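What follows is a single structure, written as structure tokens, with notes after it.
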Amino acid sequence: TEAGEADIRSFGEKYEKIRDLNPAIRFLKPEWKKDKKTVSFQYLNGKTVGDALGEAIVMGEVPYQELETVMKVLFPENADAKIFEVTPEFETVFGKVPMIDDKAAAVSNVDGLFENLMVPENENCIYGIDYEWVFDFPIPSGFVRYRNLVYFYYKYEGLMEYENATQFLKEFGMDEKLAETYASMEVAFQTWVHGDGTQGYLSLIHISEPT
């Protein structure tokens, strides 16, 4: 529709911003119909990174080595990253936050979750299949990592032997206070997107968990 036309067209700009963001990830290139009101992407047969990691959970044991390997691939050292600083654009989307000592890339694909990454059959590479939320203002790199880990946890928490997400995140060096800050950012982000802070996987989780 006319109301959604700008969002559909924006995939071209977002693709250009992130296509070279990480050489280990190939992002699907958008293809439009002539009126540019319809966009399509290459169809892939394969398995998402999230599904592959979920299948590696055995008897409640988390596949730490696989998770660590994937996280290093998705979040390599970025020599061009700057010290994170709050901007008005950041606060509009993610709300007000306490001081965060972290770095930030020039461009962030906030929704690059394990479920939005796919390894096609007979190919040894990772494809990014969803990049709707790409931002070119500073976002703490740790928040993007947090989203990957916490969304994975809540999808598979019934298979893992943790009391809560806080314990799981500690395995990856994320303390409780920082996780709470990131959780508040997630609520603000979902509110900005949907007008309701309980959307997405947040509909299945408790933001404030007992320790």
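The values are calculated or read from the model by the stated rules, or taken from the named source; none is laboratory data. Worth saying up front: this structure is predicted, and the values here are computed from it rather than measured. For neighbour counting, all protein chains shown are included, and Cβ atoms are generated from backbone atoms with ideal geometry for every residue, glycine included. Side chains are part of the model used for accessible areas, which takes the heavy atoms of the whole protein and leaves out ligands, DNA and RNA. Shrake-Rupley method; radii C 1.70, N 1.55, O 1.52, S 1.80 Å.
Here are some notes:
- Within the accessible area of the chain (1.4 Å probe), percent carbon and sulfur: 50 percent
- Sparsely packed GluC sites (Glu not before Pro) within the stretch 29-88, loop by DSSP, other Cβ within 10 Å at most 12: 77, 85
- Mean projection area, nm², convex hull over Cα of the stretch 1-95: 10.0 nm²
- Net +/- balance of residues flanking residue 130 in space, Cβ distance below 11 Å, scoring K and R +1, D and E -1: -2
- Helix content alone sets the calculated 222 nm mean residue ellipticity of the chain: runs of n ≥ 4 DSSP H residues at -39500 (n - 2.57) each, divided across all residues, give -11500 deg cm²/dmol.
- Ratio of the Cα radius of gyration of the stretch 91-141 to 2.2 N^0.38 Å, where N counts its residues: 1.45
- Protection-proxy order for peptides 16-25, 103-112, each taking the mean of Cβ atoms within 10 Å per residue, highest first: 103-112, 16-25
- Of 32, 192, 133, the order by accessible heavy-atom surface (1.4 Å probe, DNA, RNA and ligands excluded), from most exposed downward, is 192, 32, 133.
- Charge tally for residue 29 (other residues, Cβ to Cβ under 12 Å; Lys, Arg +1; Asp, Glu -1): +1.
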